[in-house]
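What follows is a short report on a single structure.
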Amino acid sequence: MRTNASDRRTQRTRQLLSEALLALLAERPYDAITVQAIIERANVGRSTFYAHYQDKEDLLVSEFERVLDMLLQPISRAGHDSALSTHELFRHVQSHYPLYKALLWGKGIESLFKKGQAYLSRNFEERLAALLPEDRQPAVPISMLSIFLAGALLALLKWWLDSKMPYSPERMDAVFQQLAQPSVEAALGTTI
């Protein structure tokens with residue numbers, strides 16, 4: 001019984017700290033946020049913060065990893081038969097606009113983009129490998145193609161958020177498909 005209560009307390013504390021960071025990110029750049037501001041917003045003590053995280057960067061990276069998991073769920077649900085499907089991803093980002101906008105604002109976010117690109121790249125690589133016939137070698141290594149696609153997708157997502165989402169998720173998916181599909185087909189030597 002004690003372990004469950006402790007686990008719930010840990011989850012609640014982490015949630016409070018995460019929500020405090022995201023709220024502060026919506027108000028000011030990351031560099032202007034201090035651990036003191038986070039703990040004041042979360043209404044937790046300094047020792048409690050450091051019991052869970054090394055510093056504000058650790059909290060940010062932890063939150064970003066959680067967001068990346070949320071971000072990839074729509075892609076994963078699409079299945080391996082649609083390697084470039086991003087419609088659900090754009091819908092998800094649209095429905096969580098304040099969260100993603102907060103994560104994109106401020107300096108220090110560039111390292112998170114690298115992590116996001118690696119995460120998305122692995123996902124694309126699995127999907128593309130499933131499309132490639134076993135007896136065929138791609139013209140471009142799948143790992144390179146996956147990095148290209150992940151970078152392009154992140155650039156489109158960032159532009160879309162920065163521009164306050166002027167197009168629907170469906171339109172953004174169509175644009176990504178139009179830009180990415182010829183590259184994928186040329187690299188794999190097959191129609192997708």
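The values are calculated or read from the model by the stated rules, or taken from the named source; none is laboratory data. Given the structure is predicted, the values throughout are model-derived calculations rather than measurements. Here the Cβ is made from the backbone with ideal geometry for all residues, glycine too, and neighbour counts use every protein chain on show.
Is it the case that ALA152 is assigned by TED's automatic domain parsing to the domain that holds MET70, more than 18 Å from GLN177 (Cα to Cα) and not charged (D, E, K, R)?
No, not satisfied.
May I ask you to say which residue of PRO133, PRO166 is loosely packed, with under 13 Cβ neighbours inside 10 Å, in a loop (DSSP other than H, G, I, E, B) and at pLDDT 90 or above?
Only one candidate qualifies: PRO166.
Filter the stretch 1-51 down to residues that are charged (D, E, K, R) and more than 24 Å from the chain's Cα centre (by Cα) and give me whichever is surrounded by the fewest Cβ atoms within 10 Å (Cβ to Cβ).
Within the stretch 1-51, the match that is surrounded by the fewest Cβ atoms within 10 Å (Cβ to Cβ) is ARG2.
What number of residues in the stretch 85-129 are modelled with pLDDT of 80 or more and closer than 19 Å to ASP58 by Cβ?
2
Restricting attention to the stretch 15-32, does a residue exist that is farther than 21 Å from PRO98 by Cβ and among the hydroxyl-bearing types (Ser, Thr, Tyr)?
no
Just to be sure, is ALA139 assigned to a helix (DSSP H, G or I) and either under 26 Å from ARG66 (Cβ atoms) or modelled with pLDDT under 90 (or both)?
For ALA139, the condition - assigned to a helix (DSSP H, G or I) and either under 26 Å from ARG66 (Cβ atoms) or modelled with pLDDT under 90 (or both) - is not met.
Tally up the residues in the stretch 32-53 that are within 15 Å of SER18 (Cβ to Cβ), part of a loop (DSSP other than H, G, I, E, B) and not β-branched (Val, Ile, Thr), please.
2
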